[in-house]
Amino acid sequence: MVICLSNHLNQSKMIRTLVVLILFFKAGLLLQAQNAVPVYLDPSKPLEQRVENALSLMTMEEKVALCHAQSKFSSKGVPRLGIPEVWMSDGPHGVREEISWDSWGAAKFTNDSCTAFPALTCLAATFNPEMSLIYGKAIGEEARYRNKEVLLGPGVNIYRSPLNGRNFEYMGEDPYLSSKMVVPYVHGVQQSGVAACVKHFALNNQERWRDHIDVELSDRALYEIYLPAFKAAITEGNAWAIMGSYNQLRGEHCCHNDLLLNKILKTDWKFDGTVITDWGGAHNDKQAALNGLDLEMGTGTDGLTTSSQSSYDYYHLANPFLKALKAGEVSTDVLNDKARRVLRLIFRTSMSPNRPWGSFGSPEHSKAANQVAREGIVLLKNDQQILPVDIKLYKKILVVGDNATRRMTLGGGSSELKTKYEVSPLQGIKNAFGAQAEIKYAMGYAAGSPAYGRELPSKYNLDTLRNEAVRMAKGVDLVIYVGGLNKNYLQDCEGGDRTQYNLPFGQDKLLAELLKVNKKVVVVLISGNAIAMPWVSQVPAVLQAWYLGSESGNAIASVLSGETNPSGKLPFSFGMKLTDYGAHSFDKLCFPGDSVKEVYKEDILVGYRWFDTKNIVPRFSFGYGLSYTSFHYGKASVDKPKYTKNDVVKLSFTLTNSGKRKGAEVVQLYVQEKTPSVIRPSKELKGFSKIRLEAGESKVVNLELPVSQWAFYDEAGKQWKINPGQYVINLGASSRDIKQQIPVTVE
Ligand code: GLC
């Protein structure tokens, strides 16, 4: 009994212990469950797992809400799950001031004055991908500090016509240069956990009728000229977002274009990020749902240009999309793919575990802006070495031109900036030379003030201004003319194209009059486009200075004074006249189109491809830029006489700085197929490198050229193709200054 009793007691103790253990275990589980972070919130979990987990917890309405705007520059997150909203900001050259929730007006913040970086034409003109990384990193830090998840830039549309109002925002006429310069910019931006949103995909090569013009072009022109920079930004830059353009391609708006978005971008290029419309770029419920668009932003879609009762619910990817999903007209797979891509964007940015904190308006960012600006300025002419300015020779200097004092960060459209500061060219020149010489200023011409979609005339009389400038020019030793274009409507500005190739506001006449009274006129052009230069033979020096941002005056003065030896090269050709350009060599249908359709009749022959193939001499060629020193190219050799298409050509030669000051040279390689089976340009840029050399220094330059990049797009076979045969590698200092031609055979 006793044994049995004791056994019984033991058993009940065991059961009691067991029950207690189970209770503890369950409590532990419960506790663990309560404290357990769901996968989507667990930063240690892989991103894709977090995306899938969040998706599995969301309702259909919540997923649809991810796919369209909630305000001018934001889209919904998932408030119930603590998934943040997506905030976006322009633009490619700096973080735009805060815009109102529901209007294009400024929100009038007082903490959003940014660093203004140079325009991307200047970045391209550096021909230095290291500058792109510095630039992207700095602007990404500013966007991060301003708590933006998406920076709406860079823009890489190809420079087809010198009249395009937005060329200043892009990287020029050559797909290879744009491809090489855009990738490090994207890497730099995304280092701060901010998505770069490469734009405008694709064929947004003018502003006239931009919201609907239907572009027609060959597959070769599409693949060889207009897509490469976007492809590089996506496949090499790994951009997390891309913006559809306003125009149409072959009858479908690019913001929901099956060929561009579903086939090329998401299938061929394997893009896993988010396709965002340009603002108001979606026009069709069904196409918006099925043709690859993920996030619809905008001003109004169904004619609602005000935002009464949150017009955002009327967006194509809002109620109409939800309705179609509920009716089973659109598969929920389509919805899940969009929501997945937007969630991926959020987990890569605001919900990324190791996201840096950014910085804003810092000295480092000013330094970056200054460096890019100085490296991008292009010296186009320098007779009798009048530059750099030897200030001992000049006691009185007259600065002439509206552009010497005009703030160029204002205007221009969505890339406009509210900057912490902007050093004007006049101020920069005063800082550099004011101690040794008397610096006077005459406006010379006036240009009105920037306003979107209209031109505000200036209150000045042009004759009076010109006569005053000419009078003052008589009595000085040197005139520094600062002119060019500006950010007014119908100049270098979004929403319109230039209406003339010559300088506006009577500048050609002003220059002619100034030259009558003073031969020493150094011309500094501030612009983002080529112009006619009827006066160029009479002026001793011309600098192409881009829109340089906050550090404008410092960079221009640094080059004028010789503190910086210019090393920029033109990212687009300067034709003698407008009709020298391919786009302007046909008819209205070719440019700007007939208001409905536009046909790119120059096809693949864009920029120098046109000039060199048609033997049209440009005023200044693509890749051209002088230095205050000189360079000597030694004899180049390649490692083999014959290559297969999978080989990489190794080319080397000795470059010598044969001048008296240190400098940098951009050596360029253009490839030509001798007997092509299709029309091919007489040369195409396939390699470049910026080499820095001390005075007298020599360096062996080694360049690699993958033969596979010499292919053309075979329209019949719908694939890239390289023919066996004879090719020539043109080694040069510009597209027309060819030092040597090295023949090679491709087997
Ligand atoms: C504009 C521009 C685009 C900009 C967007 C938001 O229309 O085309 O570049 O990012 O709208 O401002």
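The values are calculated or read from the model by the stated rules, or taken from the named source; none is laboratory data. This structure is a prediction, so every number in the text was calculated from the model and none was measured. Cβ sites come from the backbone with ideal geometry, for glycine too, and all protein chains shown count toward neighbours. Surface accessibility is based on the protein's heavy atoms, side chains included, excluding ligands, DNA and RNA. Shrake-Rupley method; radii C 1.70, N 1.55, O 1.52, S 1.80 Å.
Annotations for the structure displayed:
- Residues located in region 673-689, provided they are assigned to a strand (DSSP E or B) and either in contact with a helix residue (DSSP H, G or I) (Cβ under 8 Å, 6 or more places away or on another chain) or buried (at least 20 other Cβ atoms within 10 Å of the Cβ) (or both): 673, 684, 685, 686, 687, 688
- Scanning region 390-431 for residues that are under 29 Å from the mean Cα position of the chain (by Cα), basic (Lys, Arg) and over 25 Å from residue 462 (Cβ atoms) gives 418, 420.
- Single residue of 615, 646 found to be at positive phi, open to solvent by 50 Å² or more (accessible area, probe 1.4 Å) and not charged (D, E, K, R): 615
- Residue list for region 132-184, filter: among the hydrophobic types (A, V, I, L, M, F, W, C) and within 21 Å of residue 355 (Cα to Cα): 133, 134, 138, 139, 143, 150, 151, 152, 183
- Inter-residue pairs, beta-carbon under 6 Å, first in the same structural domain as residue 133 (by TED's automatic domain parsing) and in region 229-258, second open to solvent by 10 Å² or more (accessible area, probe 1.4 Å) and among the β-branched types (Val, Ile, Thr), 6+ apart: 232/183; 236/183; 237/183
- Against the test of being in contact with a Cys (Cβ under 8 Å, 6 or more places away or on another chain) and modelled with pLDDT of 95 or more, the options 229, 233, 195, 202 yield a single qualifying residue, 202.
- Residue within region 183-194 that is within 16 Å of the ligand (Cβ to nearest atom), in a loop (DSSP other than H, G, I, E, B) and either open to solvent by less than 10 Å² (accessible area, probe 1.4 Å) or in contact with a Lys or Arg (Cβ under 7 Å, 6 or more places away or on another chain) (or both) present: yes
- Residue selection: residue 56 fails the criterion of being modelled with pLDDT under 95, more than 30 Å from residue 134 (Cα to Cα) and among the hydroxyl-bearing types (Ser, Thr, Tyr).
- Selection from region 38-89 of residues that are buried (at least 19 other Cβ atoms within 10 Å of the Cβ), charged (D, E, K, R) and under 28 Å from the mean Cα position of the chain (by Cα): 72, 76
- Residue within region 109-130 that is within 13 Å of the ligand (Cβ to nearest atom) and more than 24 Å from residue 495 (Cα to Cα) present: no
- Note on region 233-256: residues that are in a loop (DSSP other than H, G, I, E, B) and either within 16 Å of the ligand (Cβ to nearest atom) or open to solvent by 10 Å² or more (accessible area, probe 1.4 Å) (or both) total 9.
- Count - residues of region 143-173 that are away from the ligand (no atom under 16 Å from the Cβ) and more than 13 Å from the chain's Cα centre (by Cα): 7
- Selection count, region 393-444, where residues are in a helix (DSSP H, G or I) and β-branched (Val, Ile, Thr): 1
- Which numbered condition residue 132 misses (of (1) part of a loop (DSSP other than H, G, I, E, B); (2) modelled with pLDDT of 95 or more): (1)
- Residue selected from region 505-525 under the condition touching a residue at least 40 places away in the same chain (Cβ under 8 Å) and open to solvent by 10 Å² or more (accessible area, probe 1.4 Å), by the criterion nearest to residue 159 (Cα to Cα): 505
- Flag for residue 80 being more than 16 Å from the ligand (Cβ to nearest atom), out of contact with any Leu (no Cβ under 8 Å at 6 or more places or on another chain) and not in a helix (DSSP H, G or I): no
- Lone unmet requirement of (1) in the same structural domain as residue 334 (by TED's automatic domain parsing); (2) away from the ligand (no atom under 16 Å from the Cβ); (3) farther than 18 Å from residue 375 by Cα; (4) touching a strand residue (DSSP E or B) at 6+ places or on another chain (Cβ under 8 Å) for residue 87: (2)
- First in region 677-705 and within 30 Å of residue 223 (Cα to Cα), second anywhere and among the acidic types (Asp, Glu) and open to solvent by 50 Å² or more (accessible area, probe 1.4 Å), Cβ under 9 Å, 6 or more apart: 678/715; 687/704; 690/130
- Of all the numbered requirements in (1) part of a loop (DSSP other than H, G, I, E, B); (2) over 29 Å from the mean Cα position of the chain (by Cα); (3) within 18 Å of residue 447 (Cβ to Cβ), residue 519 misses one, and that requirement is (3).
- Residues of region 472-488 classified as basic (Lys, Arg) and over 18 Å from residue 519 (Cβ atoms), total: 1
- Residue, most open to solvent (accessible area, probe 1.4 Å), within region 712-739, restricted to residues that are basic (Lys, Arg) and in a loop (DSSP other than H, G, I, E, B): 718
- Some residue of region 691-711 being within 18 Å of residue 570 (Cα to Cα) and open to solvent by less than 30 Å² (accessible area, probe 1.4 Å): yes
- Flag if residue 586 is of a type in the set (Phe, Trp, Tyr) and open to solvent by less than 40 Å² (accessible area, probe 1.4 Å): no
- Tabulated pairs, region 419-435, first among the basic types (Lys, Arg), second open to solvent by 20 Å² or more (accessible area, probe 1.4 Å), C-beta under 8 angstrom, 6+ apart or interchain: 420/113; 430/439
- Residue 469 being out of contact with any Cys (no Cβ under 9 Å at 6 or more places or on another chain) and either in a loop (DSSP other than H, G, I, E, B) or modelled with pLDDT under 95 (or both): no
- Residue in region 197-218 that is among the hydroxyl-bearing types (Ser, Thr, Tyr), open to solvent by 10 Å² or more (accessible area, probe 1.4 Å) and either within 16 Å of the ligand (Cβ to nearest atom) or not in a loop (DSSP other than H, G, I, E, B) (or both) present: no
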